[in-house]
Structure formats: C-alpha cells, structure tokens
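Here the structure comes first, spelled out in structure tokens, and everything after it is commentary.
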C-alpha cells in the first residue's frame with residue numbers, strides 16, 4: 001500500500017500539535033544548558049585552591065581498632081591543620097586530628113561557616129548557615145548526606161559535609177537555572193533524575209514518528225509533482 005502525500009501531511013500536522021511543545025522545550029532547554037562550560041555550571045571556577053594529601057593504603061590500619069571496618073582514609077588540610085578523614089564500610093565518617101590522633105566532633109555552625117568561606121573564592125559575605133540531616137537534604141545538593149548549607153550574598157550555596165568538613169557542592173544561581181532546565185528537558189521537575197518515564201518516552205516516540213513522516217513527505221511530494229508533469 002502506497003501512502004498518499006495528503007495522508008502523510010494530515011498525520012504530520014496532528015503529530016505536530018502533539019509534540020510541538022515538547023520539541024520547543026527540548027530545544028530551548030538544550031540550548032540553555034550548552035551555553036556555558038559544565039565546569040562553570042558546577043562552580044569549579046569559584047573554588048579556592050585547597051591542599052589535599054591522599055594517604056597510602058597501609059595508613060588505614062591506624063584506624064582499624066575502633067571496631068568498624070575501614071573503607072578508606074585520607075589526609076587533608078582543614079583550617080591550616082592536618083586532619084584524617086576516615087570512611088567506614090557502614091558509610092559513616094569520622095575526623096581525627098593528625099597531630100594527636102584524637103577524634104574530632106561533627107562540625108558546628110561556626111566550623112561550617114569557616115570551611116565554606118575558605119573554599120569559596122569570591123569575596124562575598126555569608127548570609128546564613130543551616131544544618132540539614134541526611135534524610136532532609138535539599139534538592140540542589142543531590143546527596144543524602146548530613147550537611148551544612150552556607151549561603152553567600154550572591155545566592156550561592158556551599159554545602160559542607162557535617163561529619164568530614166569537606167565541600168560537597170557549590171550551587172550558584174546559574175546552576176539552579178541549569179537544574180530547572182534539565183528537569184524540563186527530561187520532563188521530571190520533581191526529582192530531576194528520572195530519564196525513564198512514560199511521558200518522556202511517549203513524547204520522544206511521537207517526535208520521532210513526526211520527523212519520519214516529515215522526511216517521507218519530501219519523496220511523496222516529489223512523486224506527486226512528477227505525476228502532474230506526466
């Protein structure tokens with residue numbers, strides 16, 4: 001059965017009404033997301049240089065007597081002091097003063113403010129600091145970890161791990177706009193992580209079908225013109 005040009009045209013128009021909005025959203029959001037380098041989106045250019053020394057494998061044995069299996073241990077510089085960050089197999093994290101080996105308490109608000117101020121290069125004053133439990137992590141953190149959210153005057157959020165004192169993320173205003181566009185792009189504004197759901201798959205399938213119909217019309221129209229000349 002040979003498909004007639006007018007039938008293809010009719011189906012193409014109806015599909016155009018269905019997928020026109022998704023196509024505009026995909027194109028606009030995609031254009032926005034590629035407008036800046038990904039390192040700039042992540043705020044890497046805003047981080048101050050920080051010293052970090054990775055421990056040798058045998059140093060893990062230093063912390064094996066605490067009754068928990070050690071996954072890894074690393075030596076880092078925090079506030080001009082050397083600190084051991086020890087991660088255990090159960091997911092917990094502890095800090096130890098490298099000078100005397102004593103366990104360090106989780107970060108206070110003052111500690112979090114100092115850590116964020118040290119890592120954030122622009123000279124912006126801190127507006128607020130707020131603690132979030134692991135099961136209450138903000139959407140823009142994207143990690144289920146206990147953290148301090150330190151907000152600067154330019155609306156940049158620096159997230160500091162409440163247990164290790166390390167920087168988890170730098171979230172700028174542009175990152176949040178990028179994140180919103182990503183949610184539009186995958187049609188998931190709630191979690192902004194689900195790329196495998198019926199709405200997205202169905203819209204993509206209809207857009208593909210519409211594109212195929214539009215491409216096919218190039219040949220049916222040419223054949224139609226040839227028949228008219230004959």
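The numbers here are math on the coordinates, done by the rules we state, and not lab data. Being a predicted model, the structure only gives us computed values, none of them experimental. No Cβ is skipped: glycine too gets one built from the backbone with ideal geometry, and neighbour counts run over all protein chains shown.
Key figures for this structure:
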quantity	calculated
Likely footprinting exposure, 170, 119, 160, 34, fewest C-beta neighbours within 10 Å first	34, 119, 170, 160
Relative packing of 146-155, 104-113, which averages over residues the other C-beta atoms within 10 Å, highest first	146-155, 104-113
Stretchable slack from residue 136 to residue 123, in nm (0.36 nm times residue separation minus alpha-carbon distance)	1.7 nm
Per residue convex hull volume, Cα atoms of region 44-171, in Å³	111
Residue order, fewest to most beta carbons within 10 Å, for 128, 211	128, 211
Least to most buried among 131, 120 (fewest other Cβ within 10 Å first)	131, 120
Spin-label model distance (nm) - residue 189 vs residue 81, 7 Å beyond Cα toward Cβ	4.7
